[in-house]
Amino acid sequence: IESQGTLRVRMMPLPLVIPPELPPPNTFISLVSTLDPWEKDLFDCCKFLVPYHRVVQQLCTHNTLLVTDGAAANPCAAFGWLLSTLAGERMLEISGPAYGAYSNSYRSEGYGSLSSHRFVYWMTELVTGDIQPPTLYCDNESMVQASQAIPEAWKRTPNSTKASDYDVVAEIWATRDLIPINSQPVVLHVKGHQDKKIPYESLPLPAQLNVDADKLAGDYI
C-alpha cells in the first residue's frame with residue numbers, strides 16, 4: 001500500500017498448523033523416550049532378551065525375580081539389574097549411571113532399586129489390571145531395609161533430608177506409593193559375590209542373577 005511516498009507491506013497471517021496428537025506409548029520401549037531426562041537415565045541400557053509380549057504375559061500371570069547390584073569406582077558409579085522367571089530364564093537387562101557427588105555402593109544400589117521400582121510402576125500403567133508382585137533381590141542390607149516399605153511420617157523429618165543419599169531413597173518411597181499394593185515388589189537380601197567361593201553353576205538362582213547384575217554395572221562403568 002502506497003501512502004505519501006511510503007510503501008507499507010501487509011502480510012496475511014499464516015494458517016495455524018496444529019501438530020497431530022501422538023498416540024500414548026503402549027510399550028515400555030516407546031515409553032522410555034517420553035520420560036524426563038532424570039528417569040530416562042534409569043533405563044539407559046535396556047535390552048529385552050525375549051519378545052516384549054512374553055515379558056508382559058509373564059509379569060501379569062507369574063511371579064518374577066528382579067535382581068539388582070551396583071558398582072562404584074570413584075568418580076563413577078553405575079547399577080545393573082535383570083528380570084528373570086522363577087525357572088531362570090533371563091528376560092530383561094537394564095543398566096545405567098548412578099549420579100552423586102560421592103560414589104559409593106549404597107547410592108549405586110539405590111539407583112538399581114529405584115530403576116527396578118520405576119519399571120514395575122510403569123508396567124502397571126501400561127498393562128490392564130495388576131501385575132504379579134515380583135521379588136526384588138539386593139545384596140546391600142541397608143538398601144533392602146530402606147526399600148521394603150515407606151517409613152512412617154514421623155521418621156521422615158526435615159532433618160532426615162540432610163542425609164547424602166536421601167534423594168534416592170525418597171524417590172523409591174514415592175514410587176512404591178504409586179504402585180498398586182497388589183503389585184509392589186517384595187524386597188529381600190541376597191549375599192553378593194558368592195561366585196568367589198562357589199562355582200557360578202552351583203549357586204542358587206538369585207545369587208547367579210546378582211553376579212550377572214554386578215557384571216552389568218561393571219560393564220557400564
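The values are calculated or read from the model by the stated rules, or taken from the named source; none is laboratory data. Since the model is a prediction, treat every value here as computed from it, not as a measurement. So basically every Cβ, Gly included, is an ideal-geometry build from the backbone, and we count neighbours across all protein chains shown. The protein model used for the area step is the full one, side chains on, heavy atoms only, and it has no ligands, DNA or RNA in it. Shrake-Rupley method; radii C 1.70, N 1.55, O 1.52, S 1.80 Å.
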**Fill in**
Computed curve, the stretch 109-221, Cα-only Debye sum without solvent term, log₁₀ I(q)/I(0) at 0.15 Å⁻¹, is -0.73
**Fill in**
Rounded to the nearest 10 degrees, the helix 205-220 long axis (Cα) sits at an angle to the longest Cα principal axis of the chain of 40
**Message:** Can you compute the helix-only [θ] at 222 nm over the chain? Use -39500 (n - 2.57) per DSSP H run of at least 4 residues, normalise by all residues, nearest 500 deg cm²/dmol.
**Reply:** -10500 deg cm²/dmol
**Complete:** As a percent rounded to 5, the proportion of antiparallel DSSP bridges among beta bridges in the chain is 75
**Message:** If I fit a long axis through the Cα atoms of helix 52-61 and take the longest principal axis of the Cα atoms of the chain, what angle between them do I get, 0 to 90°, rounded to 10?
**Reply:** 60
**Message:** Could you work out what % of the accessible surface of the stretch 35-135 is carbon and sulfur, using a 1.4 angstrom probe and leaving DNA, RNA and ligands out of the count?
**Reply:** 52
**Item:** Cα point-scatterer Debye curve for the stretch 8-62, base-10 log of I(q)/I(0) at q = 0.14, 0.16, 0.22 Å⁻¹
**Value:** -0.60, -0.70, -1.00
**Message:** Test of the criteria: in the stretch 27-96, which GluC sites (Glu not before Pro) are in a DSSP loop and have at most 16 other Cβ atoms within 10 angstrom of their Cβ?
**Reply:** Glu89
**Request:** Answer with one residue from Leu114, Ile221, Met11: the one whose Cα lies farthest towards the positive end of the charge dipole of the chain, charges on Cβ with Lys, Arg +1 and Asp, Glu -1.
**Result:** Met11
**Asked** So how far, in whole Å, is the C-alpha centre of the stretch 25-74 from the one of the stretch 180-217?
**Response** 17
**Linear extension gain, Cys76 paired with Asp41, 0.36 nm per residue minus alpha-carbon span** = 11.2 nm
**Asked** Where is the GNM fluctuation largest for the chain (alpha-carbon springs, 10 angstrom cutoff): Gly112, Gly96, Gly88?
**Response** Gly88
**Request:** Once you've got the GNM for the chain with C-alpha springs shorter than 10 Å, pick whichever of Gln57, Gln208, Gln148 has the biggest mean-square fluctuation.
**Result:** Gln57
**Asked** Tell me, in nm to one decimal, what length is gained between Tyr166 and Leu178 on full extension, where the rule is 0.36 nm per residue of separation less the Cα-Cα distance?
**Response** 2.5 nm
**Request:** Report, to the nearest 10°, how far helix 105-126 tilts away from the longest principal axis of the Cα atoms in the chain, using its own Cα long axis and a range of 0 to 90°.
**Result:** 60
**Item:** the stretch 119-221: chymotrypsin sites (Phe, Trp or Tyr not before Pro) falling in loop per DSSP and having at most 13 other Cβ within 10 Å
**Value:** none
**Request:** Project the alpha carbons of the chain onto their principal axes and report the range along each, largest first, in whole Å.
**Result:** 96, 43, 37
**Fill in**
accessible surface per residue for the chain, probe 1.4 Å, DNA/RNA/ligands not counted, whole Å² -> 57
**Asked** How long is the gain from Ile221 to Met11 if the chain were fully straight, where each residue apart is worth 0.36 nm and the alpha carbon distance is subtracted?
**Response** 70.0 nm
**Message:** What distance in nm separates the two pseudo spin-label positions at Ala153 and Lys196, each 7 Å out from Cα along the beta-carbon direction?
**Reply:** 4.5
